[in-house]
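J.: Here you go, one structure.
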Amino acid sequence: MKKLLFIAVCAAMMVGCKQEQVKQDAVVMQLRDSLNSIITQKDNELNDMMSTLNDIEDGFREITEAQGRVALAKQGEGTNTKERIRENVQFIQNTMKQNRELINKLKQQLRESSFKGDQLKRAIESMTAQLEEKDKQLQMLREELEDRDIYIGELGEKIESLNTDVANLTEETTQKTETISTQDKQLHTAWFVFGTKKELKEQQILVDGKVLQSNFNKEYFTKIDIRVDKEIKLYSSSAKLLTSHPSSSYTLQRDANKQYILRIADPQLFWSTSKYLVVLVK
């Protein structure tokens with residue numbers, strides 16, 4: 001009996017050990033996968049940064065080669081020589097611009113990366129200083145070429161950009177002028193109507209003794225420019241203004257046929273209370 005019990009205990013211990021081993025193996029496998037993932041991520045980050053670094057180094061090499069070609073071309077004379085100088089200087093300008101963008105990209109990659117390498121930081125600082133030195137050299141070259149009356153394309157690009165800005169500004173000014181003109185017309189536009197009581201009622205202009213209180217027919221009115229139209233013939237010997245307008249701003253005068261004419265002496269004051277004028281005639 002004791003022997004059977006001993007065997008059972010040993011068997012249980014063996015099963016427990018196997019289960020524990022399985023758990024340990026699973027933890028180790030998970031840890032290995034995690035480490036592999038971190039290593040892969042770092043490798044990808046390093047590969048991306050090294051690729052950018054190589055592009056920057058290639059750019060500096062191409063700039064140096066172009067500077068050498070310019071130095072050789074300066075020793076010659078003629079139209080072809082000037083053209084070669086222009087082409088190489090433009091190439092230097094474009095490549096330096098590209099390198100500046102790549103250096104900024106590399107800085108961004110390093111900031112976002114889990115890899116924090118002091119050596120790479122120093123390399124970026126060195127390349128930034130190198131780019132600044134190339135900028136100084138390019139400026140000196142420009143000044144030297146200007147003394148030799150050699151036109152460089154960058155100036156042309158600036159002029160073209162300036163022309164584009166002027167064109168955009170002209171278009172914007174035209175649009176603003178049109179907008180101001182439209183607003184000005186609206187500001188100086190008014191509408192008038194004259195008619196008998198029956199006519200005004202039919203157009204809902206006069207309803208229950210009230211003027212312009214209902215949904216009246218605006219198409220029945222005549223549009224005018226208050227700066228131009230300062231006289232309105234009413235073709236009637238009886239006339240009464242139903243809308244409110246300062247009495248000092250106008251006069252009602254009869255013509256040779258004894259018919260009234262509304263003469264507006266002060267348009268701004270006359271239309272200040274209402275842009276609609278309604279006159280009752282018989």
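Bear in mind these aren't lab numbers, they're just calculated from the coordinates by the rules spelled out. Here the structure is a predicted model, which is why all the values come from computation and not from measurement. Every residue, glycine among them, receives a Cβ derived from its backbone with ideal geometry; neighbour counts consider all protein chains shown.
J.: A 25 angstrom limit on the alpha carbon distance is what I want to check against. Which of LYS74/LYS107; LYS82/LYS105; LYS218/LYS258; LYS198/LYS233; LYS230/LYS282; LYS218/LYS240 exceed it?
T.: On the way: LYS74/LYS107 37 Å; LYS82/LYS105 35 Å; LYS218/LYS258 29 Å; LYS198/LYS233 20 Å; LYS230/LYS282 22 Å; LYS218/LYS240 20 Å.
Correct reply: LYS74/LYS107; LYS82/LYS105; LYS218/LYS258.
J.: Right, something else. Net charge near LYS197: determine it from the other residues with C-beta under 14 Å of the C-beta of LYS197, scoring Lys and Arg +1 and Asp and Glu -1. Show your work: numbers first, answer last.
T.: Working: positive: LYS198, LYS201, LYS210, LYS240, LYS282; negative: GLU199, GLU202, ASP208.
Within the 14 Å Cβ shell, the charges total +2.
J.: When ranked by the protection proxy of mean other Cβ atoms within 10 Å per residue, highest first, what sequence do the peptides 227-238, 263-274 form? Mind dumping the intermediate values first?
T.: Details: 227-238: 13.3, 263-274: 15.1.
Result, highest mean Cβ count within 10 Å first: 263-274, 227-238.
J.: Using the Cα centre of the range 198-258 as the reference point, and only Cβ charges (+1 on K/R, -1 on D/E), how large is the resulting charge dipole? Debye, rounded to the nearest 20.
T.: On the way: 11 positive and 8 negative charges, 29 e Å.
Value, rounded to 20: 140 debye.
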